[in-house]
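Reading through the structure tokens given below for one structure.
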Amino acid sequence: MARARRIQSEVIGVDSHIDTLQRVLMEKVDIGNVCLMARWTCRVCARRHARAVFALWVPTFYKGAEAIRRMLDLRDAVQSVFDRYPGEIELATTAADVERIVRAHKIAAILTLESGHEIDDDLAVLRMFHRLGIRSMTLTHFRNNNWADSSTDKPQHNGLTEFGKDVVREMNRIGMIVDISHVSDKTFTIRWPSPTKPVIASHSSCRALSSLPAI
Ligand SMILES: [Zn+2]
């Protein structure tokens, strides 16, 4: 425990995947009182995790334009939290934002898309989502989409199609982090377009310890 406390004090703690926005949108839950103070308190050091990645998750049964609309509804829901609690939480779109917001003792909220079908196979939609403050995207969720294979579906695209590689390139170019949670092994082990910026696995297990797919 002492070692855990020491490590915790030396590194930046980030809760890298939070699904709570579903409750804000669908149940109209006021997470300000319930969660902002409690949910992100670290059990090891009892400090608040001041950087949090909120997922704008759209189930894969939302297709095409409906998936885009659903994402916009979630973006609006998280905006309602920002607007209601400006002294507690703020949107972070750059590393400098994170440092500034944390120095002000607020939660720096980073927004991510889950999953790639939300862009409706359109790089223009991806770019506009970036303009709405989204800074990462898991390429898939439980099902394959039209350009990437999921870890919980049958292989269909040999990992990533040519358009899928275009998506990765565009994310690299505009400044969105590629999240490989939920994708098949092939999707992230094939030859990627270069140069490729670092990727993250925001909510995946270490297979040697726990061989479970992301949820
Ligand atoms: Zn997930």
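Overview of results
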{"quantity": "Helix runs (DSSP H) in the chain reaching 20 Å along axis by Cα, Kyte-Doolittle at least -0.5", "calculated": "64-84"}
{"quantity": "Exposed trypsin sites (Lys or Arg not before Pro) absent: longest stretch of the chain, with sites in DSSP loops and at most 15 other Cβ within 10 Å deemed exposed", "calculated": "64-190"}
{"quantity": "Probe 1.4 Å, all protein chains present, accessible-area order of Trp192, Trp57, Trp147, largest first", "calculated": "Trp57, Trp192, Trp147"}
{"quantity": "Probe 1.4 Å, accessible area per residue of the chain, Å²", "calculated": "54 Å²"}
{"quantity": "Cross-link reach list, lysines versus Lys186, counting only Cα pairs under 28 Å and skipping chain neighbours closer than eight places", "calculated": "Lys63, Lys154, Lys165, Lys197"}
{"quantity": "Of all DSSP beta bridges in segment 58-215, antiparallel share, percent nearest 5", "calculated": "15 percent"}
{"quantity": "Top of Gly175, Gly87, Gly164 by mean-square fluctuation, Gaussian network on the chain, Cα under 10 Å", "calculated": "Gly87"}
{"quantity": "Dipole magnitude of segment 12-200 about its Cα centre (Cβ charges: Lys, Arg +1; Asp, Glu -1), debye to nearest 20", "calculated": "520 debye"}
{"quantity": "Accessible surface ranking that places the most exposed of Leu91, Leu160 first, with a 1.4 angstrom probe", "calculated": "Leu91, Leu160"}
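The values are calculated or read from the model by the stated rules, or taken from the named source; none is laboratory data. Remember, it's a predicted structure, so these values are computed and weren't measured experimentally. Cβ atoms come from the backbone with ideal geometry, glycine included; neighbour counts cover every protein chain shown. Just so you know, the surface numbers come from the protein's heavy atoms only, side chains and all, with ligands and any DNA or RNA stripped out. Shrake-Rupley method; radii C 1.70, N 1.55, O 1.52, S 1.80 Å.
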